[in-house]
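K.L.:
Take this structure, written in structure tokens, and hold onto it; I'll ask about it next.
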Amino acid sequence: MNLTLNEEQTMLKNGAHEFFKERMPVKALRELRDKDVPDGFDRALWGEMAGLGWAGILIPEQFGGADFGYKGMGQVLEEAGRCLAASPLFSSAVLAAPLLLKAGTDEHKQALLPTLASGELLIALAHDESPRHAPTRIATRVEQSADGLVLNGAKTFVVDGHVADRFIVVARSSGERDARDGLTLLLVDAKAPGVSVTRMRMVDSRNAAAVRFDKVALGADALLGKIGEGHAPLAAVLDGARAVLAAEMLGNASEAFERTLAYLKLRKQFGAVIGSFQALKHRAAHMFCELELTRSAVLGALDALDSRHADSAALCSLAKAKACDTLELVSAEAVQMHGGIGMTDAEEIGFFLKRARVAQQWLGDASFHRDRYATLKGF
């Protein structure tokens, strides 16, 4: 397993670092929040990101993408995590595009992937139905009708749902609520009759929505893949998304750690910088070691996805679980070590903690992935 970056991946990472640092620093997220921007992101900057090819990193060149793989996408999201950059990159490029590739027809791919790669089209995955991530706990139903299909149900925490042009909806066409068989993937227009979208206010100031489907009539072209066989492509795409989210969380934790380290070398108490106190040195060393372990886990998962390693599902769960634990530790320590100013809205370190708590839950928390890893390994 290759835990290093090649020259092209290093260039991509360095370019992303400069872009987010200069164009989308943490203060950009603060402005989006304070001005209550309806989209929740800057469309001009999203256009620039798409122009750099990032929206098409996981899309083959024949459909207008860069085909640069999960390791490349992980580098961009890690740098986005350092700046808490808000954009539809994750929802459209990490979730929707790979799912269309795996389950869509040739007509779907030809029509939609080029516009996803260019950033013109936004598609959100409408999957979870409860506060906790549960990939097979689907009650939303799709049924045959005289004219086609009818969709009924509700979804929560649909990331970028209120700005999406279309949804990929996970619905149940047969089977019990937690069964893998009977899950069906559907492409639904966000403005179709019977679709209602409510924007949710998240603690991390990022986009999410609650979406209801009330007797939504669909044609046969809405079906992605075969009816009742949506679990396999969905599971594969969720694994990729978990690894990339772990990379974003690594960026969040790395930035929070570096900012805390700088503060420890600046703040003085009892006539000495607080970083000279042994107790704080030990805590900083603990965080550094956990970050290095997390980096190895994340790179291992991303490399496994690109090389189609047989253990890629387990490695993606390992990476997400480790990233959850490390970010829990670093984000809490960062605020605590900043003392009273760390609790204020004026200090940016609190923004990292807020994003951390949302990212920890999204696509499965540490407990979910420890259990999944153990199951996959036969423990």
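K.L.:
Any chance you could count how many residues in segment 268-280 are of a type outside the set (S, T, N, Q) and exposed (fewer than 14 other Cβ atoms within 10 Å of the Cβ)? Talk me through it step by step, then tell me what you get.
P.N.:
First, the residues of segment 268-280 that are of a type outside the set (S, T, N, Q): 268, 270-275, 277, 279-280.
From what is left, the residues that are exposed (fewer than 14 other Cβ atoms within 10 Å of the Cβ) are 268, 270-272, 279.
So the answer is 5.
K.L.:
In segment 113-147, what count of residues is obtained for those that are farther than 14 Å from Ala50 by Cα, crowded, with 19+ Cβ neighbours inside 10 Å, among the hydrophobic types (A, V, I, L, M, F, W, C) and under 20 Å from the mean Cα position of the chain (by Cα)?
P.N.:
Number of matching residues: 4.
K.L.:
Right, another one. Being out of contact with any Ser or Thr (no Cβ under 9 Å at 6 or more places or on another chain) and open to solvent by less than 20 Å² (accessible area, probe 1.4 Å) is the filter; apply it to segment 69-82 and report the residue that is farthest from Leu327 (Cα to Cα).
P.N.:
Looking at the filtered set, the residue picked out is Gly69.
K.L.:
Just the residues that are within 17 Å of Arg137 (Cβ to Cβ), open to solvent by 30 Å² or more (accessible area, probe 1.4 Å) and not charged (D, E, K, R), please, taken from segment 165-196.
P.N.:
Listed by number, the residues that qualify are Ser173, Ser174, Gly175, Ala179.
K.L.:
Here's something else I'd like to know. Say whether the condition of being within 24 Å of Ser331 (Cβ to Cβ), open to solvent by less than 30 Å² (accessible area, probe 1.4 Å), over 15 Å from the mean Cα position of the chain (by Cα) and of a type in the set (Val, Ile, Thr) is met by at least one residue in segment 83-96.
P.N.:
Looking through segment 83-96, none of the residues is within 24 Å of Ser331 (Cβ to Cβ), open to solvent by less than 30 Å² (accessible area, probe 1.4 Å), over 15 Å from the mean Cα position of the chain (by Cα) and of a type in the set (Val, Ile, Thr).
K.L.:
What's the total number of residues in segment 197-217 that are open to solvent by 20 Å² or more (accessible area, probe 1.4 Å) and hydrophobic (A, V, I, L, M, F, W, C)?
P.N.:
Qualifying residue count for the region: 6.
K.L.:
Counting residues that are touching a residue at least 60 places away in the same chain (Cβ under 8 Å), closer than 16 Å to Val298 by Cβ and touching a Lys or Arg at 6+ places or on another chain (Cβ under 8 Å), which helices (runs of 4 or more DSSP H) fully inside segment 1-99 reach at least 1? Give the derivation first.
P.N.:
Numbers: elements: 7-23, 26-34, 43-51, 69-83.
Passing ranges, in order: 7-23, 69-83.
K.L.:
Next up: Quick check on this structure: which one of Val244, Val216, Val237 is more than 28 Å from Ser296 (Cβ to Cβ) and either modelled with pLDDT of 95 or more or among the β-branched types (Val, Ile, Thr) (or both)? Explain how you work it out, then say what you get.
P.N.:
Values: Val244 fails: more than 28 Å from Ser296 (Cβ to Cβ); Val237 fails: more than 28 Å from Ser296 (Cβ to Cβ).
None of the other options fit; the residue is Val216.
The values are calculated or read from the model by the stated rules, or taken from the named source; none is laboratory data. These numbers come from a predicted model, not from an experiment. Cβ sites come from the backbone with ideal geometry, for glycine too, and all protein chains shown count toward neighbours. When the accessible area is computed, the model is the full protein with side chains, heavy atoms only, and any ligands, DNA or RNA have been set aside. Shrake-Rupley method; radii C 1.70, N 1.55, O 1.52, S 1.80 Å.
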